[in-house]
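Asks: Sharing a structure with you now.
FYI, it's all coordinate maths here, none of it is from the lab. Source: prediction; values computed, not measured. We place every Cβ from the backbone using ideal geometry, glycine too, and count neighbours over all the protein chains shown.
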Amino acid sequence: QVLAIDIGTDIWTAIAYAWQPKESALMARLPRHPLVEKIVNSGVLIYAYGYMGMMQMACCWLAFFFLAPGMIANVGKGSYTPEEALINTTASTLYYYTLVVGQIAAAMATTTNAESLLKYMAPNMKLNICIVFEIAFAAAVIYVPSFQGVFKTTGLTTTQMLAPWGTFIIILICEEVRKSAVRSKQAPVAAPDGLKAGLLAS
């Protein structure tokens, strides 16, 4: 399942970001100083692991324990009946599928830093195609028997397939609140004359 996430789904949306159109207010921001502000800095790490990653993890574990009936009763057991083993497989499949949905939410949410998705929408058709492919691949991992044997998954009910999309809604709402706060603190800043002159000279 880790390979299915890293190679089968997550990598394609990451590649599609190469064609992502800019935010409308991007040119109003001062350019990043390459020696002062690194591309991967503490803010990026906190956002990825302490914020977005935590939301995805919480939703995955909620799906794992509460969308697979009987999973909580299985905790701590050393051996399982065939029925209990199926519950474990269902729970791990739900974790996988919820994480895929969380990846899609993150892919959509992080297309902008401050601009609302209600305004920005989804202009990157390559990313949109990759998201459709991601959903189709996840469905194949869950329902195709040959994939089930490789990835240790099992078919889910309609409710179990729909419920994880609550993760998508939660993440997008949290991101819209964050972006609104970012916009309220931002004001268009003109580049200093010296910087303008240097850019023009180069």
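Asks: Using a Förster radius of 45 Å, what is the FRET efficiency between LYS77 and ILE173 based on their Cβ-Cβ separation? Nearest 0.05, please. It would help to have the intermediate numbers written out before the result.
Replies: Working: r = 37 Å, r/R0 = 0.82.
The value I calculate is 0.75.
Asks: May I ask for the Rg/Rh ratio of the stretch 26-96, computed from Cα atoms with Rh as the Kirkwood radius, given to two decimals? Please report the intermediate quantities before stating the final value.
Replies: Values: Rg = 20.5 Å, Rh = 15.3 Å.
Result for the stretch 26-96 is an Rg/Rh of 1.34.
Asks: For the stretch 110-120, what does the Karplus curve 6.51 cos²θ - 1.76 cosθ + 1.60, with θ = phi - 60°, yield as ³J(HN,Hα) per residue in whole Hz, taken in order and with x for Gly and Pro?
Replies: Once θ is set to phi - 60°, the couplings for the stretch 110-120 become 8, 5, 9, 8, 10, 6, 5, 5, 5, 9, 6 Hz.
Asks: Given the -39500 (n - 2.57) contribution per DSSP H run of 4+ residues, what per-residue ellipticity at 222 nm results for the chain, rounded to the nearest 500 deg cm²/dmol? Don't jump to the answer; show the numbers that get you there.
Replies: Numbers: 12 runs with 125 residues, N = 202.
About -18500 deg cm²/dmol.
Asks: When the Karplus curve 6.51 cos²θ - 1.76 cosθ + 1.60 is applied with θ = phi - 60°, which whole-Hz ³J(HN,Hα) does each residue of the stretch 146-157 get, with x for Gly and Pro?
Replies: 5, 6, 4, x, 6, 9, 6, 10, 8, x, 10, 6
Asks: If the cut-off is 18 Å between C-alpha atoms, which lysines fall inside it for LYS126, apart from same-chain ones fewer than 8 positions away?
Replies: By straight Cα distance, LYS126 reaches LYS22.
Asks: Now for a separate question. Could you give the spread of the C-alpha atoms of the chain along their three principal axes, from largest to smallest, in whole angstroms?
Replies: Each principal axis gives a Cα extent; for the chain these are 74, 31, 29 Å.
Asks: Take ILE11 and LYS185, extend 7 Å from each Cα along the Cα→Cβ direction, and tell me the distance between the two endpoints in nm.
Replies: Here the modelled spin labels are 3.6 nm apart.
Asks: Among the helices of the chain (complete DSSP H runs), which have Cα atoms covering no less than 18 Å along the helix axis and a Kyte-Doolittle mean of at least 1.0?
Replies: Working: long enough: 53-66 (19 Å, 1.55); 82-109 (40 Å, 0.64); 125-143 (27 Å, 1.85); 165-185 (31 Å, 0.47).
Taking the DSSP H segments of the chain (at least 18 Å long, mean hydropathy at least 1.0), we get 53-66, 125-143.
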